[in-house]
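Remarks on the structure that follows.
The numbers here are math on the coordinates, done by the rules we state, and not lab data. Small disclaimer: the values here were computed from a predicted structure and weren't measured. Cβ: placed from backbone, ideal geometry, glycine included. Neighbour counts: every protein chain shown.
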Amino acid sequence: MLEPITKLQRWLDLISYLVGRRIPVAVEDVMENIPAYAEKWHTEDETARATARRTFERDKDELRALGIPIETVRYRVNYGREEVEGYRLSQRDFYLPYLRLVRQASPSGERKPYALEEVELTEDEAHAAADALHVASQLPAFPFAREARSAFRKLAFDLDADALAATPELYVDRPGAEEVLERLRPLSDALLARKVVRFRYHGIYRGEATEREVRPYGVMFQRGHWYMVGHDVGRDAIRVFRVGRMERVEANRKAPHTPDYEIPSDFRLDDYLHREAWELGDEEPLRAEVLFRFPRSLWAERNGYGERVEERPDGSAVHVFDVQQVNPFLRWLLSLEGEAEVVSPAELRAELHAMAREVLARHGGEVE
């Protein structure tokens, strides 16, 4: 009696079959050439055939989640008259390049041969890469610790053990880091599967908790916090959510193999990277006018802070800001030591003065 085919064997058979093909493979070919699927596919039992197809879809999704880059592509057959869907596993994406440790740094200005066949690393580069991966893999609350450990093992396979000697590192996680990790996993899974997520969100400025339904477009780490950028269905707009303020994160479980949405072609996560803290939020932005005194006005213009809407004869200038988070914005203005002043709205101007008086009081200064 033959032993039943295990999931691991199914995965290895599927990977071996796809990586050995130069052109996309139709699902019918997969069903016929992978033993675990063919066993049920080559019957006239429609229920068994449907079970084989579901098993393949599940295997494909699980392999993708593990980092195997199986692509779904559309291509034409019959001299271009018919378009079909198939699957591809590119060798260039699947195989890592070989690493070779060179004992001396390359001469200044010489371009290194970073290609698929081989990558050269100096000893310093190998140490830096190994140290970074080692530290990241040991952080309990780092959401990609498992991936970092895998990358470290791959690096160790090609390089000398002496080059990978890692020194102990001390670290301290932020309070609540483990809770953030628990929310990041379902968010990243939903993003990969293009599934809508629902969660309870605590807004920082209004102090209210609201139920949100969002289509995730991207996840990023910014200024010490994890954020999700997505389309808020209720507000019909793109919003930025801090993961640490989410509760009860749940992805839509209906039709798990069918995407709920597509990310717009003009969306770029890079547009949200390196934003200031006051630009990251989920509420309608507050429009603020700020007067920069000369020569601070030149500094603000040169560094792209806000949009200049007025230039005065003394060299000062008024810039307009769209503020998502008020407190970080006011703290930034205070750091400019009186060279920036809120013009409008009046409520924001009053808040800035109140914050300044509180800072003075805490440090023993005189409050006017």
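Less than 5 angstrom separates the built amide H of ASP260 from those of LYS195, VAL196, all sequence-distant by 5 or more or on a different chain. Taking the Cβ-Cβ separation of ARG253 and GLU276 as r and a Förster radius of 41 Å, what is the calculated FRET efficiency to the nearest 0.05? That pair, ARG253 with GLU276, gives E of 0.65.
Efficiency by 1/(1 + (r/R0)^6): what FRET value for ARG357 and GLU120, r their Cβ-Cβ distance, R0 = 51 Å, to the nearest 0.05?
Efficiency, rounded to the nearest 0.05: 0.30.
Once backbone amide H atoms are built at 1.01 Å from N, VAL343 has GLU289, VAL290, LEU291 as its partners under 5 Å, excluding neighbours fewer than 5 places away on the same chain.
In the neighborhood of ALA36, defined by Cβ-to-Cβ distances under 9 Å, what is the net charge if each Lys or Arg adds +1 and each Asp or Glu adds -1? If you can, show how the numbers build up before the last one.
On the way: positive: LYS7, ARG10, LYS40; negative: ASP13, GLU39, ASP59.
In short, 0.
How big is D for region 7-93, in µm² s⁻¹ as a whole number, if Stokes-Einstein is applied with the Kirkwood radius of its Cα pairs at 25 °C and 0.890 mPa s? It comes out at roughly 182 µm²/s.
Share of pairwise Cα-Cα distances greater than 20 Å in region 217-358 is 57 percent (whole percent). Here region 286-362 is treated as a Stokes sphere of Kirkwood radius computed over C-alpha pairs; at 4 °C and 1.567 mPa s its diffusion coefficient rounds to 103 µm²/s. Within region 177-279, all pairs of alpha-carbon atoms sorted by distance into 5 Å bins from zero give the percentages 2, 12, 25, 26, 21, 10, 3, 1.
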